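**Q** Okay, handing you the structure first.
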Amino acid sequence: MRSFFFIVIFCAVTIDAWSDGKQRRFKNDFKFGVSTAAYQVEGAWDIDGKGESIWDRYLHNHPELVTDGRNGDVASDSYHNYKRDVELLRELGVDFYRFSISWPRVLPSGFPHDQNEHGFQYYDNLIDELLHYNITPMITLYHFDLPQKLQDLGGWVNPLSIDWFVDYARVVFNKYAHKVPYWITINQPNAICVFGYGDTILAPAINAKGVSEYECTKNILLAHAKVYRLYEKEFKKKFKGSVGISMSINWSDPLNNKTENVQAVEKYREFDIGLYLDPIWSKNGDFPSIVKKTIEKKSKQQGFYRSRLPTLSHEEIKLLKGSADFLGINHYTTFLIKPSTKNIHSPSYADDMGVEIVFGDQWEQSASYWLRSAPYGLYKMCIFLNLRYDYPTMFITENGWSTKTGLWDKSRAETMRRYLNALLLAIEDGTEVKGYTVWSLIDNIEWNAGSSERFGLYEVDFESEEKTRTARLSAHVYKRIIQKRIIEENWEPKNLKISKPKRVDL
Ligand code: BGC
């Protein structure tokens with residue numbers, strides 16, 4: 001009965017998820033927040049005893065890779081501006097703030113025998129400031145910035161990384177478990193492993209294709225699960241917090257209804273979603289069988305002695321299954337998929353999938369080449385996850401839009417409204433979403449894109465000494481949504497001192 005209901009709604013809303021005219025409301029216990037990450041906002045890269053991270057090393061060694069040459073050395077300087085950041089959070093009226101702890105700031109060598117009290121002082125101050133104003137901290141333990149010293153030992157492809165991460169997490173839990181109710185172990189394992197180990201898109205840019213992506217995936221998922229079990233055993237009873245993991249889940253549709261495209265997208269979802277979520281959320285645990293079979297067959301053809309995808313033992317499957325109180329979802333866009341026609345490097349994750357991503361050119365384009373507005377994809381993704389994983393508890397831990405500089409960011413405000421409308425529909429259809437998080441509170445260092453792509457509700461003047469923060473139109477719109485708990489289509493703040501440009505500034 002339930003699935004029939006879904007099919008009907010599903011068809012109706014894919015056409016226009018936000019304009020059926022009905023006013024929907026976010027329930028009172030639904031939480032609104034914003035998100036940042038240490039490397040992208042903190043700056044102070046070598047101040048007060050902080051150790052070097054893989055991003056410090058990568059962008060110092062390769063300044064030519066950053067679009068506008070701006071790296072995380074100073075960034076938005078949140079290290080010195082945290083009070084101002086909390087002022088912005090108060091202005092917005094958010095319930096929670098998702099930020100990450102820089103592992104090398106608190107444990108410069110990566111190991112717990114060497115703790116940096118100055119580093120901890122920064123997070124003590126930030127957390128206390130948040131709590132003082134009733135804003136709940138949500139901490140990400142790992143958002144891409146591994147201590148370089150641990151990378152020198154192999155990083156996430158070294159199975160010892162599992163213990164390194166547990167040791168680090170224990171130190172942080174001991175410090176903050178009594179103050180912090182929401183924990184995210186790792187931000188986007190799939191991006192870390194595929195782009196950082198199987199490619200050069202993210203640090204550490206190892207580019208050992210076809211093998212390291214999967215070694216990294218296994219280790220990082222086990223590291224997550226062990227940290228979940230650590231909290232469960234030693235902290236949960238006393239502090240009653242929740243521990244989850246944030247996955248990058250964009251929606252994918254076939255380029256068109258041709259059978260080959262439909263089959264391609266099904267395979268893509270197994271690699272893109274199933275590989276990372278099945279071990280934790282599926283009934284049987286383990287990696288998806290299609291992924292296992294595909295990689296095993298290809299490995300054999302390529303002359304490998306065994307499959308390039310490592311196996312999970314019975315104990316590991318048990319450890320992983322159910323190791324999350326919530327699924328954090330970083331959702332931005334929808335991709336269109338068709339079978340690959342290009343010559344792809346073999347072996348590689350891309351070659352194993354054998355598909356090609358096409359960017360839907362009918363959708364509005366942001367300032368990032370990969371990001372277009374397709375809010376119906378958020379709805380479809382929620383329904384897909386509900387059916388595949390039996391209504392998991394979710395948090396949207398990132399959703400956002402990039403522009404160039406400028407305060408009149410109508411495209412961001414509009415996109416946010418449309419995605420939130422799609423989310424309201426998904427909730428109405430049974431999705432268990434506890435909260436929504438905008439990426440990002442302020443402009444920051446968008447990895448290799450430097451400050452050329454702006455994601456902030458607040459603009460940062462990177463040229464100014466103080467890294468001045470100024471509210472964009474979207475900050476006012478988000479504040480209003482949080483206040484009213486409804487989405488008003490054409491609402492604009494009165495007496496806004498932002499001059500509207502003649503041309504909408506993307
Ligand atoms: C990452 C952020 C990044 C954002 C926009 C997310 O995948 O977690 O660090 O800035 O996407 O690209």
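**Q** So, Thr185, is that one part of a strand (DSSP E or B) and under 21 Å from the mean Cα position of the chain (by Cα) or not? It would help to see each step written out before you state the result.
**A** Numbers: part of a strand (DSSP E or B): yes; under 21 Å from the mean Cα position of the chain (by Cα): yes.
Answer is yes for this residue.
**Q** Could you tell me which residue of region 57-91 is nearest to Ala205 (Cα to Cα), considering only residues that are away from the ligand (no atom under 16 Å from the Cβ) and open to solvent by less than 10 Å² (accessible area, probe 1.4 Å)?
**A** So the first thing to find is which residues in region 57-91 are away from the ligand (no atom under 16 Å from the Cβ), and the list is 57, 60-64, 69, 73-74, 77, 79-91.
Checking the rest, the ones that are also open to solvent by less than 10 Å² (accessible area, probe 1.4 Å) come to 85-86, 88-89.
Working: Asp85: 31, Val86: 34, Leu88: 35, Leu89: 34 Å.
For region 57-91, the residue satisfying everything is Asp85.
**Q** Considering only residues that are open to solvent by 60 Å² or more (accessible area, probe 1.4 Å) and of a type in the set (Asp, Glu), look in region 217-253 and name the one that is farthest from Ser323 (Cα to Cα).
**A** Glu234
**Q** Run Ala191 past the list (1) within 16 Å of the ligand (Cβ to nearest atom); (2) under 19 Å from Glu42 (Cβ atoms); (3) in a helix (DSSP H, G or I); (4) not aromatic (Phe, Trp, Tyr) and report the number of the one that doesn't hold.
**A** In the conditions (1) within 16 Å of the ligand (Cβ to nearest atom); (2) under 19 Å from Glu42 (Cβ atoms); (3) in a helix (DSSP H, G or I); (4) not aromatic (Phe, Trp, Tyr), Ala191 misses (2) alone.
**Q** Here is a follow-up. Assess whether Lys380 counts as being farther than 19 Å from Thr217 by Cα, touching a Pro at 6+ places or on another chain (Cβ under 8 Å) and not small (Gly, Ala, Ser).
**A** Details: farther than 19 Å from Thr217 by Cα: yes; touching a Pro at 6+ places or on another chain (Cβ under 8 Å): no; not small (Gly, Ala, Ser): yes.
Taking the combined requirement at face value, the residue does not satisfy it.
**Q** Restricting attention to region 271-305, report how many residues are more than 26 Å from the chain's Cα centre (by Cα), not hydrophobic (A, V, I, L, M, F, W, C) and not in a helix (DSSP H, G or I). Lay out the reasoning, then the answer.
**A** Initial filter on region 271-305 (more than 26 Å from the chain's Cα centre (by Cα)): 293-305.
Keeping just the survivors that are not hydrophobic (A, V, I, L, M, F, W, C) gives 293-294, 296-303, 305.
Adding the requirement that they be not in a helix (DSSP H, G or I) leaves 302-303, 305.
Residues flagged as more than 26 Å from the chain's Cα centre (by Cα), not hydrophobic (A, V, I, L, M, F, W, C) and not in a helix (DSSP H, G or I) within region 271-305 amount to 3.
**Q** What's the number of the only condition in (1) among the hydrophobic types (A, V, I, L, M, F, W, C); (2) open to solvent by 30 Å² or more (accessible area, probe 1.4 Å); (3) under 29 Å from Ser323 (Cβ atoms) that Phe395 fails to meet?
**A** (2)
**Q** Yes or no: Gly354 within 16 Å of the ligand (Cβ to nearest atom), under 19 Å from Arg269 (Cβ atoms), open to solvent by less than 40 Å² (accessible area, probe 1.4 Å) and touching a strand residue (DSSP E or B) at 6+ places or on another chain (Cβ under 8 Å)? Steps first, please.
**A** Details: within 16 Å of the ligand (Cβ to nearest atom): no; under 19 Å from Arg269 (Cβ atoms): yes; open to solvent by less than 40 Å² (accessible area, probe 1.4 Å): yes; touching a strand residue (DSSP E or B) at 6+ places or on another chain (Cβ under 8 Å): yes.
Answer is no for this residue.
**Q** Pick from Thr405, Thr415, Thr393: which is among the polar types (S, T, N, Q), over 28 Å from Ile295 (Cβ atoms) and within 16 Å of the ligand (Cβ to nearest atom)?
**A** When all the criteria are applied, what remains is Thr415.
**Q** Cβ-Cβ below 7 Å, separation at least six or inter-chain, first residue in region 460-483 and touching a residue at least 24 places away in the same chain (Cβ under 8 Å) and assigned to a strand (DSSP E or B), second of a type in the set (Phe, Trp, Tyr) and open to solvent by less than 60 Å² (accessible area, probe 1.4 Å): which pairs?
**A** From region 460-483, the pairs are Arg469/Tyr458; Thr470/Tyr458; Ala471/Tyr458.
**Q** Looking at the structure I just gave you, is Ile487 in contact (Cβ under 8 Å) with a residue 40 or more places away in the chain and open to solvent by less than 10 Å² (accessible area, probe 1.4 Å)? So that I can check it myself, show each step before the final result.
**A** Working: in contact (Cβ under 8 Å) with a residue 40 or more places away in the chain: yes; open to solvent by less than 10 Å² (accessible area, probe 1.4 Å): no.
Taking the combined requirement at face value, the residue does not satisfy it.
**Q** Within region 171-182, take every residue that is farther than 12 Å from Val227 by Cβ and part of a helix (DSSP H, G or I) and give me the one that is nearest to the ligand (Cβ to nearest atom).
**A** Tyr176
The values are calculated or read from the model by the stated rules, or taken from the named source; none is laboratory data. The shown structure was predicted, so the numbers you read here are calculated from the model rather than taken from an experiment. Quick reminder, even Gly has a Cβ in these numbers, built from the backbone with ideal geometry, and neighbours come from all protein chains shown. Heads up: the accessible areas ignore ligands, DNA and RNA and are worked out on the full protein's heavy atoms, side chains in. Shrake-Rupley method; radii C 1.70, N 1.55, O 1.52, S 1.80 Å.
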